[in-house]
Amino acid sequence: MEQARSTDDVLAELREIAANDGTWGFGRAFTYVFDGPDLGDLTAEAMRLFAGSNGLDPTAFPSFVRFENDLVAFARTILHGDDEIVGSVTSGGTESIILATKAARDALRATGVDGRLNMVVPITGHAAFHKAAAYLDLDIRTTAVDEGFRAIPDAIEGSIDERTALVVASAPSYTHGVVDPVADIGAIAKGAGRWLHVDACVGGMVLPFIDDSPSFDFSIDAVDSMSMDLHKYGYTPKGASLVLYRNAALRSHQFFATAGWTGYPVANATVQSTRSAASLAAAWAAVSHLGPAGYRALAADSMRATTELLGVIRANEALELVTEPDSPLVAVTSADVFGHAQAMKKRGWMVGVTPSFAHSPAHMHLTITAAHLPLVGELSNDLVETAPTESASGSILGGMDLRDIDPSMIGVLLDSLDLDRDRALVDAAIDSLDPDARAAVISAFLQHLYR
Ligand SMILES: Cc1ncc(COP(=O)(O)O)c(C=O)c1O
């Protein structure tokens, strides 16, 4: 980037870089891309119109207030909230979770509780809670889940004490797509005077539109806050999530303000200070266009595709469903799941593999969206045809253990492999490590990538 270049030249290179991001087609990149309605022109124009705005001062750019209030009002309605429910639009699920955790922590501190605080999170609670605990200096107490991977209320009760700032339930959990027993957990949290957060990041824009889904939202009066992403089953461009609170008093602990420096006084609702309204405007445009009826139709399509896929998995001996989901998230395993995922990639499906943890086996994770209804036949066929019948043999590095390698060499080592060819072996090697060692390996690799 040392010399100025023409816009045509730069655009041509941008197109090349984009092509190199992968040629995953519509509905083929699970987890990373939620394909569904074709909103490309609408959201691109919304982003273009608002790219130059700045949320640093919403009085200078009233668009922020308009868009956020409208999106919170939409969420309030679909999540059975009353007029007291307030919230903010954030950059994603992780930011929503960090902010709700901060609000809960500061609300507890405001009652005079000091010392080290903690949060109680089932092992199926998203990694973002671990990040929030690390950023906000809270202890995290993880609790067991049952055979169907739902949080166990008694285990949560046993972990709560007077220093518990936050209790977490998922609706649904990302890994297994099941909804925790929110009402039962709520009764415990309320009885102990604790803040209950329901993480509906992945489910908030789909569960409300599925008939007979388990209840999880503000209709349960113990629920203090919720996170709900628009950039997943809301089908909006990345960078849009909601964090919602039972009332403004709870949300007040989320905000930050200071006038303690030489410059302009700062009051921010979210983590970012200067921010553009591009993804906010795109989210507003998508939600305004689709409305509840649009989302209901999309949820019906994704559930129809899910039901068909579940039928194929149940009927096929080489495939094993990890658990029955309450949502369009499917965890499926086989005799050699890492090899299976790699074979699926060769057929053009970007399938995420999840390592084993507690009684959850290593599995492929399929986020089924409305885009999959016309594709589910092909997806099912490919899953069946590529299913290995025998477990894997062979190991990366000729029997050497990843644990024995100096972390600073991990990046160099992984770089030296052909990930297209060796990915299954790398995934299996990572799966063989304990969770702390897995984290160390992937962190070392990430640090190596950004050099
Ligand atoms: C249940 C749940 N919570 C939180 C998150 C984190 O969201 P993000 O990746 O937008 O930060 C996810 C992401 O998949 C999720 O599924």
Among Ala362, Ile140, Leu71 - extreme Cα towards positive end, dipole of the chain, charges at beta-carbon:
Leu71
Cβ neighbours within 10 Å, averaged per peptide: list 363-369, 301-307 in order, most packed at the top.
363-369, 301-307
Using the count of nearby Cβ atoms within 10 Å as a rough guide to exposure, how do Thr31, Thr270 rank from fewest to most?
Thr31, Thr270
Could you give me the ³J(HN,Hα) list for the stretch 313-318, computed from phi with Karplus coefficients 6.51, -1.76, 1.60 and θ = phi - 60°, whole Hz, x at Gly and Pro?
5, 4, 7, 10, 5, 7
Does the stretch 292-385 come out rounded, prolate or oblate, given a ≥ b ≥ c as the square roots of the eigenvalues of its C-alpha gyration tensor, rounded meaning a/c under 1.5 and, failing that, prolate meaning a/b above b/c?
prolate
What whole-number distance in Å separates the alpha-carbon centres of the stretch 109-132 and the stretch 167-225?
17
Vicinal HN-Hα couplings computed from phi for the stretch 161-170 (Karplus, 6.51 cos²θ - 1.76 cosθ + 1.60; Hz; Gly/Pro x):
9, 6, 9, 7, 7, 8, 10, 10, 10, 10
Taking Lys345 as the anchor, which lysines have their alpha carbon closer than 29 Å to its alpha carbon, excluding any fewer than eight residues away along the same chain?
Lys232, Lys238
Can you work out the Karplus-derived ³J(HN,Hα) for every residue in the stretch 10-26? Use 6.51 cos²θ - 1.76 cosθ + 1.60 with θ = phi - 60°, whole Hz, and x for glycine or proline.
5, 4, 4, 6, 4, 5, 5, 5, 5, 5, 6, 5, x, 10, 4, x, 4
What residues qualify as long-range amide H neighbours of Ser170, i.e. H under 5 Å apart, gap of 5 or more or another chain, H built at 1.01 Å from N?
Asp180, Asp199
Is the stretch 146-291 best put as rounded, prolate or oblate by its Cα gyration tensor, with a ≥ b ≥ c the root eigenvalues, rounded for a/c under 1.5, and otherwise prolate when a/b is larger than b/c, oblate when not?
oblate
With a 10 Å Cβ neighbour count serving as the proxy for reagent exposure, in which order, fewest first, do Tyr135, Tyr233 appear?
Tyr135, Tyr233
Burial order of peptide ranges 79-88, 411-420, 100-109 (average beta-carbon count within 10 Å, highest first):
100-109, 79-88, 411-420
Using every pair of alpha-carbon atoms in the stretch 44-286, split the distances into 5 Å bins beginning at 0 and state the percent of pairs per bin, rounded to integers.
1, 7, 14, 19, 20, 16, 11, 7, 3, 1, 0, 0
Taking the alpha-carbon distance from Lys102 and a cut-off under 20 Å, which lysines remain once sequence neighbours fewer than 8 residues away in the same chain are dropped?
Lys131, Lys190
Where a ≥ b ≥ c are the square roots of the eigenvalues of the C-alpha gyration tensor, would you call the chain rounded, which needs a/c under 1.5, or, failing that, prolate if a/b is larger than b/c, or oblate?
rounded
Report, in cubic angstrom per residue, the convex hull volume of the C-alpha atoms of the stretch 1-129.
256
Please work out the Cα center distance from the stretch 1-54 to the stretch 284-332, rounded to the nearest Å.
27
At 222 nm, what value in deg cm²/dmol follows for the chain if DSSP H runs of at least 4 each add -39500 (n - 2.57) and the sum is divided by all its residues, to the nearest 500?
-13000 deg cm²/dmol
Ser213, Ser273, Ser6 arranged by Cβ crowding within 10 Å, fewest neighbours leading:
Ser6, Ser273, Ser213
Amide H neighbours of Thr31 under 5 Å, counting only residues 5+ apart in sequence or on other chains, H built in-plane at 1.01 Å?
Thr367
5 angstrom amide H check on Phe218, placed H, neighbours 5+ away
none
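No lab work stands behind these numbers, since they all come straight from the coordinates. Being a predicted model, the structure only gives us computed values, none of them experimental. Cβ: placed from backbone, ideal geometry, glycine included. Neighbour counts: every protein chain shown.
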